[in-house]
Structures are given as C-alpha cells and as structure tokens.
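Notes follow the structure.
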Amino acid sequence: MIQTDNNINPIYMNAFIRYLLLKNIPEISDKINYYRFLSENLLSDYSFDLGINEDNVVINTIEDKQSWRFFTSMTNNDDNLIYQSIEPFKQYSEVSEIYYCNEENIVEFFVLLDKEEYDFDFMHELFKIERIIKRMWDGKHAKFNYLPTKGMEKSILIGYHIGFMRG
Amino acid sequence: MAKFEEHISQAKHNDEIADLLLNPDCTSYAWVTIISFYAAIQYIEASFAKTDIKHLDEYYNNLTKNMSGKKPSRHDVMEDVINADPILSSFYSEYRDLRLGSEFFRYLRPGYKLFLNDKYARKCFESSLGKIKRDLENNNLI
C-alpha cells in the first residue's frame, strides 16, 4: 500500500508509478496489484484502488480489471483536468500566461513564454509535461501552442479562457 | 494510400532538399525547418507500416469518423500516436521542435522571427530530424 500525502498532484503520482515500474523493482513489479491511493488534494477527495497489469498499464482493480483509464481521468471532471494541466507549467518563471479552450474533442492550450529565442532544452522540459498531460486527457486531444509574450497580439486568443497569469 | 517505399523515397527527397538549402550556408531558415518537418513525417509514416498503425490515413479516418464538432487534425493524431508508442515516443520532443517551427513559419505566428536564425534551422535538421531518423533506423522501422 502506498499512501500519499494530502497535497500530491495525481499527475506526478501517475508518473511515479510508471517510474517505479520502469525501474523494475522486484518488490513492486512482481505484484500485479494493488496499490491503494488515498489523497485529498486541492480539488477533490477520492480514494480507490489502482493496479498495474502485465502490460504496465494502470487499471482500476475494483471496477474493471481489463479496461483502464488513467486515474486522474477517472476521478476528475474537465475543470479539474484543466487545472491539473496548467499547474505543472507554473513552476517555470518563463511561463507568463496560459490560455485554454475546451471543446468536445480537443482541449487547446496557449502557453506564453518570456523567451527571446527558442531554447531547445527548456522546450524539451515543457514537452515532458505535455506528454503526461496528454495521457491524462484520455479520449480527447490535448493541443499545446507556445508563443513568446513579447510582441504578442492578444487578439488571437479571443474565445480562450485565461488559466494562469503571473504576478 | 502510399506504401512504405513511397514514404521513404519522399522522406529522402525532402531530407536532401533541406540539406541543400542548409549547407554550406543556409539560404532559407524557414524552408529548412518546414522541409525537415515533412521529411520527419514521411519517415514516421513509413515506420507505421511496420507497426499496428499501418496507415495513418486509415487510422485517422477510423478515429474521427464518428466525431462531431471540431476534430483533431492529422498532425494532432500523429503526435498522439508518437506519444503513446514506446519506441516512437523517444523522439517526441524532437518531433515537437520541428512541428512548432514549421507551424510558426507556415502561418507566420506571432514570434516567428525568433526562429529565423541559422542555429535554429541547423539544429532542427541535424539534431531533431537526425534523432528521429536514427531512432527509427535503430529499431529497424525504416
């Protein structure tokens, strides 16, 4: 049993599980099930059982052992997912604003960056976050756009909601 | 639908053109980036023939045929396929470098001038496209 603290972000917990599996620690990977997560994060209270099947896929061990969804998708509505999609970017001071638009099949984000040139290493850090968030939005395409803050014409963001603004 | 050999042939063609525009001195930062992106797409689409995806067009049509409202684009779906695949995901970031740059230039998005330099175009061609090719080759997918 793994018990989280009350403020852990489910995104990171999911990544953590996968990290453990990739490390192939016998005490963990030999146990196909069951890790119980108890968390009362900022968004909602939840507790349920998750397991890892033979294909290293997270499954809900109570409801359906065959099918799976990432547990953040199982427990959170779209508003919570948007919050959790934006939250990890805020740690970077270069991220000045984030806008989003949530449609039926696509959720789109515009991340505004205080950068004077394209920084490959920095962008790869953001892409790592992107990858995890995309998986959270199971069944919906999460699209990420990055634009420099400097010289930005906000008119192109008409119809988008503001998700984050620094300062 | 194009076959494996056709995708490879087009990929190499794009690859060569990008090289010609870049070396010895870059004659178009925008086109080097855009063509490198399309070379990557052709290499990746070729690799699909050796995976469960087989043809991206067919996969895309099946995925989106019952969707109402705005659908994800073909590039969007390809990005998701790359992200989900244990082998292809090794170059997810490099694919994103190329797609972002290519879109900035094609649509002249605000800030596109940030990409107008030799360093960016060269890195897209040599590092990003280079890694995509290398990873696909190392896994016998192209």
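Quick check on my filter: what residues within the range B:69-83 are out of contact with any helix residue (DSSP H, G or I) (no Cβ under 6 Å at 6 or more places or on another chain) and facing another protein chain (nearest Cβ under 7 Å)? Within the range B:69-83, B:69, B:70, B:72, B:76, B:80 qualify.
Considering the range B:89-102 alone, what residues qualify as being more than 8 Å from chain A (Cβ to nearest Cβ) and over 11 Å from the mean Cα position of the chain (by Cα)?
Keep residues of the range B:89-102 that are more than 8 Å from chain A (Cβ to nearest Cβ), which gives B:90-91, B:94-95, B:98-99, B:102.
Within the range B:89-102, just B:90 meets the criteria.
Which helices (runs of 4 or more DSSP H) sit wholly inside the range B:10-96 and have at least 3 residues that are closer than 25 Å to residue A:123 by Cα?
Numbers: elements: B:29-48, B:56-64, B:74-84.
Helices (runs of 4 or more DSSP H) meeting the threshold: B:29-48, B:74-84.
Among the residues of the range A:126-167, those that are surrounded by 14 or more Cβ atoms within 10 Å (Cβ to Cβ), over 19 Å from the mean Cα position of the chain (by Cα) and either part of a helix (DSSP H, G or I) or within 10 Å of chain B (Cβ to nearest Cβ) (or both) comprise A:147, A:148, A:149, A:150, A:152, A:156, A:157. Remark: pairs (first residue in the range A:96-115, in contact (Cβ under 8 Å) with a residue 24 or more places away in the chain and over 17 Å from residue B:74 (Cα atoms); second residue assigned to a strand (DSSP E or B) and basic (Lys, Arg); Cβ separation under 6 Å; 6+ apart in sequence or on different chains) are absent. How many residues are outside any strand (DSSP E or B), of a type in the set (A, V, I, L, M, F, W, C) and more than 14 Å from chain B (Cβ to nearest Cβ) if we restrict to the range A:79-125? Counting residues in the range A:79-125 that are outside any strand (DSSP E or B), of a type in the set (A, V, I, L, M, F, W, C) and more than 14 Å from chain B (Cβ to nearest Cβ) gives 4.
Residue by residue through the range B:53-68, note down the ones that are more than 14 Å from chain A (Cβ to nearest Cβ) and without any contact (Cβ under 8 Å) to a residue 40 or more places away in the chain. Show your work before the answer.
Filtering the range B:53-68 down to residues more than 14 Å from chain A (Cβ to nearest Cβ) leaves B:53-58, B:61-62.
Within the range B:53-68, B:53, B:54, B:56, B:61, B:62 qualify.
Return the total of residues in the range A:75-96 being more than 19 Å from residue A:141 (Cβ to Cβ), of a type outside the set (Ser, Thr, Tyr), modelled with pLDDT under 95 and surrounded by 16 or more Cβ atoms within 10 Å (Cβ to Cβ).
Of all residues in the range A:75-96, those more than 19 Å from residue A:141 (Cβ to Cβ) come to A:75, A:87, A:90-96.
Then keep just the ones that are of a type outside the set (Ser, Thr, Tyr); that gives A:87, A:90-91, A:94-95.
Then drop every residue that is not modelled with pLDDT under 95, which leaves A:87, A:90-91.
Of the ones still in play, those that are also surrounded by 16 or more Cβ atoms within 10 Å (Cβ to Cβ) are A:87.
Qualifying residue count for the region: 1.
Scanning the range B:118-139 for residues that are among the basic types (Lys, Arg) and over 21 Å from residue B:29 (Cβ atoms) yields a count of 1.
From the list B:77, B:32, which residue is surrounded by 21 or more Cβ atoms within 10 Å (Cβ to Cβ) and β-branched (Val, Ile, Thr)? Before the answer, list the steps.
Details: B:77 fails: surrounded by 21 or more Cβ atoms within 10 Å (Cβ to Cβ).
Answer to the selection: B:32.
The single residue among B:13, B:7 that is crowded, with 19+ Cβ neighbours inside 10 Å and either over 20 Å from residue B:93 (Cα atoms) or of a type in the set (Lys, Arg) (or both) turns out to be B:7. Residues in the range B:91-123 that are more than 20 Å from residue A:152 (Cβ to Cβ) and touching an Asp or Glu at 6+ places or on another chain (Cβ under 6 Å): B:91 only.
The values are calculated or read from the model by the stated rules, or taken from the named source; none is laboratory data. As the structure is a prediction and not an experimental result, all values here were calculated from the model. All Cβ positions, even for glycine, are placed from backbone atoms using ideal geometry, and neighbour counts span all protein chains on display.
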